[in-house]
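To start, the structure under review is shown below, and the notes come after it.
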Amino acid sequence: MGGCPHGVVVQIYVAVLTPFDTRGRVDLARLRAHVLWLLATGIDGFVPTAITGELLYLTDREREAIYRTVLDAAPGCPVFPCTWDPSPATTLYLTEAARDHGAAGVLLPPPLLYELDVDATRRWYSTFAEAEVPIWAYHHPRVLHTPVRPELYDLLRASGVLSGLMDASEDIWRIRRLADLDPGAVVAGGDRLLPRIASVPGITAFVSSIANAWPALCLRIFRQQEHQLQDALVDRVNQLERAGGGRALKSLLRMGCRAPLLAPPDDALLGLPPAETPS
């Protein structure tokens with residue numbers, strides 16, 4: 001995934017949260033401020049409208065507005081919107097919109113809900129090759145039923161359909177193998193891996209969710225290799241998961257949730273340190 005202004009070899013991106021106002025509307029001003037704050041801390045790039053960004057509860061127009069906002073706030077930085085939609089036609093529209101607004105590429109998981117075989121998944125990805133924008137497959141076995149198996153990835157890379165893979169499996173051995181076979185085309189996710197991933201040869205970037213709230217902590221571990229902070233990071237990841245995952249992260253940042261997601265009760269956040277600074 002493209003170059004960055006901070007000059008590091010392995011970049012760190014944030015899977016951006018989508019803020020909502022008190023009426024449940026996407027708060028684009030808050031989103032812009034959040035991206036600018038993250039940039040100021042040293043974050044290299046952004047992945048908006050992915051699972052952390054609540055893609056299932058956004059309209060296509062809202063997603064396009066989010067692309068524009070993030071790209072405008074972070075000119076010259078790698079931005080890879082997730083353009084998945086249940087409708088292939090809408091997915092193609094969003095993929096082309098991301099391209100036209102200047103995205104470096106798009107993140108695209110296999111179809112959600114159903115587990116598909118290799119041929120069906122290959123056809124799904126091939127549908128969007130005409131968009132002429134780098135497409136990065138998304139492997140997230142804890143959330144997505146259809147995996148991006150190495151043989152499928154190799155097939156789609158060889159045919160030119162895919163430009164790379166975002167792997168959120170937290171399986172360090174799988175990621176090492178993929179990065180060794182396809183250096184520079186593999187991005188890792190899963191915050192528990194953050195302390196270990198910068199040393200994996202061939203990895204080009206890491207995508208963090210927890211950095212929405214604690215970017216300085218993540219950067220100290222990721223860039224300065226301050227491994228004494230690793231336990232604090234993993235403890236926060238575990239506490240967030242127990243408190244509601246992305247909903248808890250949004251509550252820390254006072255970003256609001258949209259139905260069917262609800263903010264967790266305040267006592268669910270007890271023990272979690274506050275976000276580093278209001279964005």
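The values are calculated or read from the model by the stated rules, or taken from the named source; none is laboratory data. Nothing here was measured: the structure is a model prediction, and the numbers come from that model. A quick note on method: Cβ atoms are made from the backbone with ideal geometry, for glycine too, and the neighbour counts reach across all protein chains shown.
All of (1) farther than 20 Å from Lys250 by Cβ; (2) without any contact (Cβ under 8 Å) to a residue 40 or more places away in the chain; (3) part of a loop (DSSP other than H, G, I, E, B); (4) of a type outside the set (A, V, I, L, M) hold for Cys77 with one exception: (2).
Given the residues Arg192, Arg223, Arg242, Arg247, which is the only one that is under 19 Å from Val47 (Cα atoms), surrounded by fewer than 16 Cβ atoms within 10 Å (Cβ to Cβ) and either modelled with pLDDT under 95 or out of contact with any helix residue (DSSP H, G or I) (no Cβ under 6 Å at 6 or more places or on another chain) (or both)? Let's see the steps before the verdict.
Values: Arg223 fails: under 19 Å from Val47 (Cα atoms); Arg242 fails: under 19 Å from Val47 (Cα atoms); Arg247 fails: surrounded by fewer than 16 Cβ atoms within 10 Å (Cβ to Cβ).
Exactly one residue qualifies, and that residue is Arg192.
Taking every residue in the range 18-31 that is surrounded by 19 or more Cβ atoms within 10 Å (Cβ to Cβ) and pairing it with any residue that is basic (Lys, Arg), at least 6 positions away or on another chain, the pairs with Cβ-Cβ distances below 6 Å are Pro19/Arg30; Phe20/Arg258. Selection of the range 15-69 for residues being in a loop (DSSP other than H, G, I, E, B), more than 18 Å from Thr90 (Cβ to Cβ) and among the small types (Gly, Ala, Ser) yields Gly24, Gly42. Against the test of being buried (at least 16 other Cβ atoms within 10 Å of the Cβ), among the charged types (D, E, K, R), out of contact with any Leu (no Cβ under 9 Å at 6 or more places or on another chain) and modelled with pLDDT of 95 or more, the options Glu96, Glu64 yield a single qualifying residue, Glu96. Identify, please: which residue in the range 11-37 is among the β-branched types (Val, Ile, Thr) and at pLDDT 95 or above and is, among those, farthest from the chain's Cα centre (by Cα)? The extreme case among them is Val26.
Scan the range 235-266 for residues that are of a type outside the set (D, E, K, R) and either within 19 Å of Leu38 (Cα to Cα) or not in a loop (DSSP other than H, G, I, E, B) (or both) and report the count. Give the derivation first.
Kept after step one, since they are of a type outside the set (D, E, K, R), are these residues of the range 235-266: 237-240, 243-246, 248-249, 251-253, 255-257, 259-265.
After this cut, where a residue has to be either within 19 Å of Leu38 (Cα to Cα) or not in a loop (DSSP other than H, G, I, E, B) (or both) as well, the list is 237-240, 243, 246, 248-249, 251-253, 255-256.
The total comes to 13.
Checking each residue of the range 124-141 against the condition of being closer than 18 Å to Val186 by Cβ, out of contact with any strand residue (DSSP E or B) (no Cβ under 8 Å at 6 or more places or on another chain) and part of a loop (DSSP other than H, G, I, E, B) gives at least one match. Among the criteria (1) surrounded by fewer than 19 Cβ atoms within 10 Å (Cβ to Cβ); (2) of a type in the set (Ser, Thr, Tyr); (3) touching a helix residue (DSSP H, G or I) at 6+ places or on another chain (Cβ under 7 Å), the one Ser208 does not fulfil is (1). Here Leu116 qualifies as farther than 15 Å from Thr49 by Cβ and assigned to a loop (DSSP other than H, G, I, E, B).
Restricting attention to the range 215-234, the residues that are in a loop (DSSP other than H, G, I, E, B) and out of contact with any strand residue (DSSP E or B) (no Cβ under 9 Å at 6 or more places or on another chain) add up to 3. May I ask you to verify whether Ala40 is of a type outside the set (Lys, Arg), within 18 Å of Met255 (Cα to Cα) and at pLDDT 95 or above? Here the answer is no, as Ala40 does not meet what is asked. Pairs linking a residue in the range 133-147 that is in contact (Cβ under 8 Å) with a residue 12 or more places away in the chain and surrounded by fewer than 16 Cβ atoms within 10 Å (Cβ to Cβ) to a residue that is part of a loop (DSSP other than H, G, I, E, B) and among the polar types (S, T, N, Q), with Cβ atoms under 6 Å and 6 or more positions apart or on different chains, are Pro141/Ser169. If the condition is being among the β-branched types (Val, Ile, Thr), part of a helix (DSSP H, G or I) and under 13 Å from Ala129 (Cβ atoms), then the range 80-112 contributes Thr91, Thr95.
Is it the case that Ala263 is touching a helix residue (DSSP H, G or I) at 6+ places or on another chain (Cβ under 6 Å), under 23 Å from Val26 (Cα atoms) and modelled with pLDDT under 95? In short, yes.
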